[in-house]
Structure formats: C-alpha cells, structure tokens
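What follows is a single structure, written as structure tokens, with notes after it.
What follows is calculated from the coordinates using simple rules that are stated; it is not laboratory data. On a predicted model such as this, the values are computed, not experimentally measured, just so you know. Reconstructed Cβ throughout: ideal geometry from the backbone, glycine too, with neighbour counts over all protein chains shown.
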DNA sequence: ATGACTTACCCGGTAAGA
C-alpha cells in the first residue's frame, strides 16, 4: 500500500499534473493540500475517471485538503476541521479511513510573518493538532497523519538552515511543537527510513531553487506505533517538481505492508 | 527581514505563499 502527500498549490492549475501523477506513480492513497477551490467547483469527475474515490474539504482562494484512494479500496470520511476552535473557518484538516487505515490530512498554517497574528494562529493550530494527535496516536488501529506541516524539523532538513532563522517554518516554537508530536509516539517515516540523508520536499519558485536543489523538507507522513511496524520504504517524487507548471512541493510517499 | 515567481481573485493590481 503506497501512501502519499502532495501539496498541489491550486488544484485547478495543477489538474493536468495531478492526473499524470496518479497515472505514473499510482499511489493507493494520496492526501492533497492547498486546493484553493470551493467544494462546488472541486474537479471530482476527472479524479474519479482516473480510478480514484475522493473526499475533500475546500475553501475559496486558499487552503483546502482532500484524500484520494484507489477505487479498489474502501474510502470514507471520518470528519473535517480540526477540533478546538469553532471560530476557525480555514479548511486545513480532513480525516478519513481507507480500508483499516485512519488517514488524517493536514495543511498546517505557514505562520509568516513572525511575530504577528499569523504566527500566533500557527502556534494555536499546532496546540490543537497536538490534542487531536494525542487521541489518534493511542488508537489500536493504524493511523497516518500526513500533509504539509510547514515545519522544517531539523538543520538537516534545509539546504541552508541559516536562511530560515527568521522564518516561521523554522522557528523554535514550531520545531518544539513538532518534537512534541514525535514524543507522543509518532514516527517521522521518511526520517526513520533515511536517518542521515538530506531530503527535500519543497523548492520555491524563486532564484531557480529546484535546479540548485535549494530545498527544504516540510511534507511529512507521521505514523502511530501500530502502523509504523508496517513501514517498508518511501521517498520523494522529485521528478514531478520538474514537470511543466509544477507545484512548488513534490509528492512524498511511503509504502506499508497490507 | 526585501526581491524573485506563481496562483487566485475579477479582469490589473492585490494578497498570499514560505
């Protein structure tokens, strides 16, 4: 079972790439972020045509998350929106089930500029995520919490960590909250598989970043103990970042035993 | 702590991303 996360940076602009990605890389499950589209306009038909079922939680212009699963799998929605703040209107979390596996798909707030209200929102959101994650990690069922975390966990996860010292994605507060997640019992699957390697999942559109491999690792697949026992392999589909009209993120994936 | 690029909005200039 191949499980992936892919920040598409606008599903309308990315639809051709997304369909090509599904065809060529054939993930069983993929969580999408940054749909930037309302539910009424979500392109469900071409995705179903590509052989996938889909649940989605959209929003006008910004945010938006979805979970796709191949039709041969059972996909159902468990819930949408992160608990803890009824006033929060941003579509950044959807929870589903694919066969026996619980899948949480998240788009964590970027938080820039720092300090400021956006950074405060990020840290509040991470607090809420910690509460939710604490329930999920203990379940007897396999759980994956995947998505764009907007957190560079460690120095090894940035081509030049010094470039990010003023950035919310590399702030002490965000890194500490991410470590708190791991302390709950979550496994950062890609880091577990490749403990020493520089692995990037995002290259910005500026300064020819991808060609220079000036990237950072912010897209993560966290596994609870039940699922981490089943972890086989993983990687980043870097070639997708080199396709025409790419997202600034590349799909990141793992495989687990059935 | 700016600029570059890209996307979405409503139709050229702003907001946001990270």
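Structure notes:
- Here the relative contact order of the stretch A:71-130, from alpha carbon pairs under 8 Å that lie six or more residues apart, stands at 26 percent.
- Cα gyration tensor, chain A - rounded (a/c under 1.5), prolate or oblate: rounded
- Gain on full stretching of the segment that runs from residue A:128 to residue A:165 - 0.36 nm per residue minus C-alpha separation: 10.9 nm
- When both bridge partners sit in chain A, DSSP labels roughly 80% of those beta bridges antiparallel.
- Cut-off 13 Å (backbone N to label point 7 Å along Cα→Cβ of residue A:139), residues of the stretch A:156-186: none
- When the square roots of the Cα gyration tensor eigenvalues are ordered a ≥ b ≥ c, the ratio a/c for the stretch A:119-258 is 1.5 or more and a/b does not exceed b/c, which makes its shape oblate.
- The stretch A:1-141 shape via C-alpha gyration tensor axes, a/c threshold 1.5: oblate
- The slack in the chain from residue A:239 to residue A:39, taken as 0.36 nm per residue of separation less the alpha-carbon distance, amounts to 69.1 nm.
- With neighbour counts taken as other beta-carbon atoms within 10 Å, the residues A:107, A:178 rank, fewest first, as A:178, A:107.
- Cβ-based exposure ranking for A:38, A:236, in which fewest neighbours within 10 Å come first: A:38, A:236
- The slack in the chain from residue A:76 to residue A:60, taken as 0.36 nm per residue of separation less the alpha-carbon distance, amounts to 3.4 nm.
- Top of A:95, A:176, A:24 by mean-square fluctuation, Gaussian network on chain A, Cα under 10 Å: A:24
- Contact order for chain A, expressed relative to its length and based on alpha carbon pairs under 8 Å spaced 6+ residues apart, stands at 20 percent.
- When you restrict to C-alpha pairs under 8 Å that are six or more residues apart and normalise by the size of the stretch A:18-123, the relative contact order lands at 22 percent.
- Fewest-first sequence of A:34, A:173 by Cβ atoms within 10 Å of each Cβ: A:173, A:34
- In this rough spin-label picture, where each label sits 7 Å from Cα along the Cβ direction, the residue A:19-residue A:183 distance is 4.8 nm.
- Each stretch of four or more DSSP H residues adds -39500 (n - 2.57); spread over every residue of chain A, this sum gives -7500 deg cm²/dmol at 222 nm.
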